[in-house]
Amino acid sequence: MRFPFHVSALDPGSRARRGALDTPHGRIETPVFMAVGTRASVTGLTPAELHEVGAEVVLGNTYHLMLRPGPDLFRRVGGIHRFMGWNGPMLTDSGGYQIFSLSADRVISERGARFRSYTNQQFHMLSPEASIAMQEAIGADIMMVLDVCVDARSDEATTRAAMQRTHRWALRSLAARTGTPQALFAIMQGGIFPGLRRESAAFLTDHPFDGFAIGGLAVGDTRAEREDITHMAADLLPADRPRYLMGVGTPPDLLHAILAGVDMFDCILPTSLAWQGTAFTSTGRVKLMRASTRDDDRPLDAACACSTCKLYTRAYLHHLFRCGEPLGPRLVSLHNLHHYHALMAEARAAIAAGRFATYARDKLEAIDRYEHSDRRIGATA
Ligand SMILES: [Zn+2]
């Protein structure tokens, strides 16, 4: 099902665009960062807290949810929104990346991926049809096709074979839908080979997908390769449908991709790093396990409006991490997600005002400066 997608502003100095995607669970303002809630939970945070930090879309994962709790439960309760208490838009990944990354005990054939469950050791088959059936049971607003992801260092023949199978699986995914009010996005593959990326875009955009994702990046490629491919890939996708860069990344990655015309992002970094005690701030990353934060009575980020920064000091957060108190990672997760969503809100405002290219350049320079000074401090801490 095609959701209305409107581009409301184009940045005169770059390919950046401001838009909105209307889903049955509300409007997604783009560019958007999607919080990762792999197992129907953004670890440690409640839906009310997600709304509070500005989350617009939550992402669930088909592979994990298929193994536990399984499709029957979602059918019984009427879908993931009701199950987890999140009433905003949701997207489910297809499981393609998990098949790629959990390489033990799995065999991929034309039919699909046969793998052993980590929950009960039984064998499962994740095919394009099984992924769509599971995603329809989960009931997220946006579904993704099952794709074949390969390491970015694979040779061209291997990358081409994976891309061609991804295309065949994409058509099987389209055919497997039963008419639920959900959108289906295709995933472009082709690794770091421009010719393959062009082929992948030409094939997929010939079919009625509701949006297009750029897959197969952040899997062993360099930052320069990722930026080059993102720029060329975004340009190959139709202007009237959302473009989604999967699994990428840091604030600079997001700014570069917005410059290229990408609308949607997801990444585990803000939440996974929070659980390791690392915060993204307007003056670089802060590592709360370091002794240097033990007597630091400043907020995590004086420029941040989140509840963590309003109420707590770095010293308190350091103490929570040292003691293994779960409040520590929760508070830093809230801050990190707020930081990412605030960055996207700033980006949207800058695009609407026609000054995104300048905004992004200044922001990238500032981040670069702080990350370098952080490395110098890190060497002596
Ligand atoms: Zn904060």
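A short reminder: the numbers here are calculations on the coordinates, not readings from a lab. All figures in this text were calculated on a predicted structure; none of them were measured in a lab. Using ideal geometry, Cβ is built from the backbone for each residue, glycine included, and neighbour counts are taken over all protein chains shown.
Full extension of the segment from Glu346 to Thr178, taken as 0.36 nm per residue of separation minus the current Cα-Cα distance, would add 56.6 nm.
Ranked by how many other Cβ atoms sit within 10 Å of their own Cβ, fewest first, the residues Leu174, Leu343, Leu331 fall in the order Leu174, Leu343, Leu331. Cysteine residues of the chain whose Cβ has no partner cysteine Cβ closer than 4.7 Å: Cys149, Cys267, Cys306, Cys323.
Around the amide H of Ala113, modelled in the peptide plane, lie the amide H atoms of Leu126, Ser127, all under 5 Å away and 5 or more residues distant in sequence or on another chain.
Here the peptides 334-342, 190-198 are ranked by packing, the mean other Cβ count within 10 Å, and the order with the highest first is 334-342, 190-198. Counting every other Cβ atom within 10 Å of each residue's Cβ, Arg330, Arg314, Arg285 order from fewest to most as Arg285, Arg330, Arg314. Our estimate of slack between Asp235 and His207, defined as 0.36 nm per intervening residue step minus the Cα-Cα distance, is 8.3 nm. Think of each Lys and Arg Cβ as +1 and each Asp and Glu Cβ as -1; about the Cα centre, that makes the dipole of the range 274-380 roughly 100 debye. Size estimate for the chain follows the Kirkwood approach: the inverse of mean 1/r over distinct Cα pairs works out to 21.3 Å. Our estimate of slack between Ser272 and Ser292, defined as 0.36 nm per intervening residue step minus the Cα-Cα distance, is 5.0 nm. With helices as the sole contributors, the chain gives -13500 deg cm²/dmol at 222 nm; each DSSP H run of n ≥ 4 counts as -39500 (n - 2.57), and the sum is divided by every residue.
If R0 is 45 Å, the Cβ-Cβ spacing of Gln122 and Thr222 corresponds to a FRET efficiency of close to 0.70.
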